[in-house]
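So the structure is just underneath, and the comments pick up after that.
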Amino acid sequence: MESFLQIRREARDINQRDGITGILAFGEGRFMQILEGDQETVSQTYARIVLDSRHHSCKLIQFTFCPERFFEGWTMRHLTVQKEMLEEIEFFEEFQPHLWSAERCLSFALKYTVWARQNRPESSSELTIA
């Protein structure tokens, strides 16, 4: 757990410095991360993640241009996925991002984003729901 907390702190600081925004979700023993920023910086960030020995089984689902950011202000929004939260955002399936399409991953992240902004407006760029 300490390694995860250290990674999260480091990533948040680096992302803030580099202008990266996004979301990191954890559930069912799996992570899903969406990164936003300019193409070169996101590419460098992903390369750093893949080369870091603390990460394994990384799978790039999609790398594409987006004209606007979905996760503005969130340098490393963290979410621990719980069944109750999935039901609350009306996402009625198991958290298995490694099996999802890019569209499904984004749908999950956007539903969570809307919920978090409505229910946790006072929270910082990090949120854990446990």
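The values are calculated or read from the model by the stated rules, or taken from the named source; none is laboratory data. Quantities reported herein were computed from a predicted structural model and do not represent experimental measurements. Because the Cβ atoms are built from the backbone with ideal geometry, glycine has one as well, and the counts that use them run over all protein chains shown.
Of the residues 51, 60, 79, which is at negative phi, hydrophobic (A, V, I, L, M, F, W, C), under 16 Å from the mean Cα position of the chain (by Cα) and surrounded by fewer than 10 Cβ atoms within 10 Å (Cβ to Cβ)?
60
Can you pull out the residues in the stretch 93-115 that are assigned to a loop (DSSP other than H, G, I, E, B) and closer than 14 Å to residue 27 by Cβ?
93, 94, 95, 96, 100
Among the residues of the stretch 63-76, which ones are hydroxyl-bearing (Ser, Thr, Tyr) and surrounded by 10 or more Cβ atoms within 10 Å (Cβ to Cβ)?
Hit for the stretch 63-76 is 75, nothing else.
Do we find a residue being at pLDDT 80 or above, closer than 25 Å to residue 7 by Cα and either surrounded by 15 or more Cβ atoms within 10 Å (Cβ to Cβ) or not basic (Lys, Arg) (or both) anywhere in the stretch 112-121?
Yes, the stretch 112-121 contains at least one residue that is at pLDDT 80 or above, closer than 25 Å to residue 7 by Cα and either surrounded by 15 or more Cβ atoms within 10 Å (Cβ to Cβ) or not basic (Lys, Arg) (or both).
Return the pair list, or none, for Cβ contacts closer than 8 Å from residues in the stretch 50-61 that are over 16 Å from residue 6 (Cα atoms) to residues that are not in a helix (DSSP H, G or I), at least 6 apart or on different chains.
Going by the 8 Å Cβ cut-off, the qualifying pairs are 50/58; 61/100; 61/101.
Give just the number: which of (1) more than 21 Å from residue 114 (Cα to Cα); (2) surrounded by 10 or more Cβ atoms within 10 Å (Cβ to Cβ) does residue 27 not satisfy?
The failed condition is (1).
Can you list residue pairs whose Cβ atoms sit under 6 Å apart, with the first residue in the stretch 23-44 being within 10 Å of residue 80 (Cα to Cα) and touching a residue at least 60 places away in the same chain (Cβ under 8 Å) and the second being of a type in the set (A, V, I, L, M, F, W, C) and part of a strand (DSSP E or B)? Count only pairs 6 or more apart in sequence or on different chains.
25/32; 25/79
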